[in-house]
Amino acid sequence: MSEYRTKLLIIGSGPAGYTAGIYAVRSGLSPLIVSGYQVGGQLTTTTDVENFPAFPEPINGTELMERMQKQCQNLGVEMVNDQIIEADFSKNPFLLKSEQHTYVAESVIISTGASAKKAGILGEEKFWGFGVSACATCDGFFYRGKDVAVVGGGNAAIVEALHLTHFAKSVTLIHRRDSLRAEKVMIERVLNNPKITVEWDSVVEEIYGEEQPRSVTGIKLRNVKTKQAKDIKLDGVFIAIGHQPNTDLFKAQLALDEQGYILTQNNTKTSVAGVFAAGDVTNPKYKQAVIAASMGCEAALDAETYLNNK
């Protein structure tokens, strides 16, 4: 098993990880980024990005992350395509391991992100990024004047549905129960919005569409009480059943909140001195690339301060 030694190890290669790498290398920290299995992070599952600064035209999510990666490489950031499976923050330097490598680091930035929970619907995986999404803020604009559905019944689903009404012609909210699990004022907004139709006691059995170009054209619903099935023609489906932070590796090492997100102080400092966290792994609210990138910058600067003081 080969060994890497570094002043700063960055875990994750999304906007937070790459931005941390850019700022860290400019500070002379010689950072090492371990990419994780999904190089580029969740943004690589998004087709077009229109809300990242400095891009007047839409840019493909994968291309945006490839540009960030290239910028890191041009600046001299070392990268390893690997997945950390074990971490020990009990003493410094910190020890982390993958199946093939050992990493010894004086400081660590965790930017492993959060993964959207999927519903396990037939066709969901096939059309993910091609009409199926988990982020109305990211992708709602592309459904201007179109018909969409939101799957879920909690606050997240309601926020998604209301946001989509600013763009879509119609929004169908699909919930397996006969009442919504959200704040009363939010429920009232949904029920009083003329663009939103609620399909109560219903589940999506299939998402279907076209092959060329790959796109969603409809869903098959089934009422869980009457067992009656029906098709709804639409252009997009938003899965809003929550996100899962990618923090299983750190449960015994760092302070986490009830949902598993890393608790931070002064923005990026974790419960262990020398370990920092940035991006979606710290916050269930925003899920925006530009916010993750800004936190990556903060984490790099915090790591620099820590190492200089150390």
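The values are calculated or read from the model by the stated rules, or taken from the named source; none is laboratory data. Keep in mind that this is a model prediction, so the values were computed, not measured. Neighbour counts run over all protein chains shown; Cβ positions are idealised from the backbone, glycine included.
Brief remarks on what is shown
- Flag for R176 being in contact (Cβ under 8 Å) with a residue 40 or more places away in the chain, not in a strand (DSSP E or B) and not assigned by TED's automatic domain parsing to the domain that holds N283: yes
Let's see how each residue does on (1) modelled with pLDDT under 95; (2) in contact with an Asp or Glu (Cβ under 9 Å, 6 or more places away or on another chain); (3) farther than 22 Å from D139 by Cβ; (4) crowded, with 24+ Cβ neighbours inside 10 Å:
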site: T6; (1), (2), (3), (4): no, yes, yes, no
site: L9; (1), (2), (3), (4): no, yes, yes, yes
site: A16; (1), (2), (3), (4): no, yes, no, yes
site: Y23; (1), (2), (3), (4): no, yes, yes, no
site: L32; (1), (2), (3), (4): no, yes, yes, no
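- G145 being small (G, A, S), farther than 30 Å from V275 by Cα and not in a loop (DSSP other than H, G, I, E, B): no
- Meets criteria (closer than 20 Å to V216 by Cβ and either of a type in the set (A, V, I, L, M, F, W, C) or not in a loop (DSSP other than H, G, I, E, B) (or both)) for E124: no
- Residue within the range 232-253 that is farther than 30 Å from V275 by Cα, at pLDDT 95 or above and loosely packed, with under 14 Cβ neighbours inside 10 Å present: yes
- Candidate set from the range 117-141 (those that are touching a His at 6+ places or on another chain (Cβ under 7 Å) and buried (at least 19 other Cβ atoms within 10 Å of the Cβ)); member that is farthest from D88 (Cα to Cα): G140
- Test: L64 is touching a strand residue (DSSP E or B) at 6+ places or on another chain (Cβ under 7 Å) and either surrounded by fewer than 16 Cβ atoms within 10 Å (Cβ to Cβ) or part of a strand (DSSP E or B) (or both): no
- Per-region count, the range 24-37, residues more than 13 Å from Q69 (Cα to Cα) and in contact (Cβ under 8 Å) with a residue 60 or more places away in the chain: 5
- Residue tally, condition in a strand (DSSP E or B) and at pLDDT 95 or above, over the range 260-270: 2
- Selection within the range 183-204: residues that are among the β-branched types (V, I, T), closer than 30 Å to K227 by Cβ and free of Cβ contacts under 8 Å to residues at least 60 places away in the same chain. The member of this set that is surrounded by the fewest Cβ atoms within 10 Å (Cβ to Cβ) is T197.
- First in the range 143-162 and more than 16 Å from D178 (Cβ to Cβ), second anywhere and of a type in the set (D, E) and assigned to a strand (DSSP E or B), Cβ under 9 Å, 6 or more apart: A149/E199
- Taking the conditions (1) within 24 Å of the chain's Cα centre (by Cα); (2) not assigned by TED's automatic domain parsing to the domain that holds E304; (3) not aliphatic (A, V, I, L, M) in turn, N283 satisfies each one other than (2).
- The set of residues from the range 276-310 being of a type in the set (G, A, S) and either over 25 Å from S133 (Cα atoms) or not in a loop (DSSP other than H, G, I, E, B) (or both) comprises A277, G279, A289, A292, A293, S294, G296, A299, A300, A303.
- Yes/no for L95 being free of Cβ contacts under 8 Å to residues at least 12 places away in the same chain, surrounded by fewer than 18 Cβ atoms within 10 Å (Cβ to Cβ) and under 30 Å from F250 (Cα atoms): yes
- Candidate set: the range 98-116, residues that are in contact (Cβ under 8 Å) with a residue 24 or more places away in the chain and part of a loop (DSSP other than H, G, I, E, B); chosen: the one surrounded by the fewest Cβ atoms within 10 Å (Cβ to Cβ): Q100
- Residue in the range 264-278 that is within 12 Å of S111 (Cα to Cα) and touching a Pro at 6+ places or on another chain (Cβ under 6 Å) present: no
- The lone exception for A273 - which of (1) outside the structural domain of L164 (by TED's automatic domain parsing); (2) small (G, A, S); (3) outside any loop (DSSP other than H, G, I, E, B); (4) over 16 Å from G113 (Cα atoms) it fails: (3)
- Total residues in the range 224-259, condition free of Cβ contacts under 8 Å to residues at least 24 places away in the same chain, assigned to a strand (DSSP E or B) and under 19 Å from the mean Cα position of the chain (by Cα): 1
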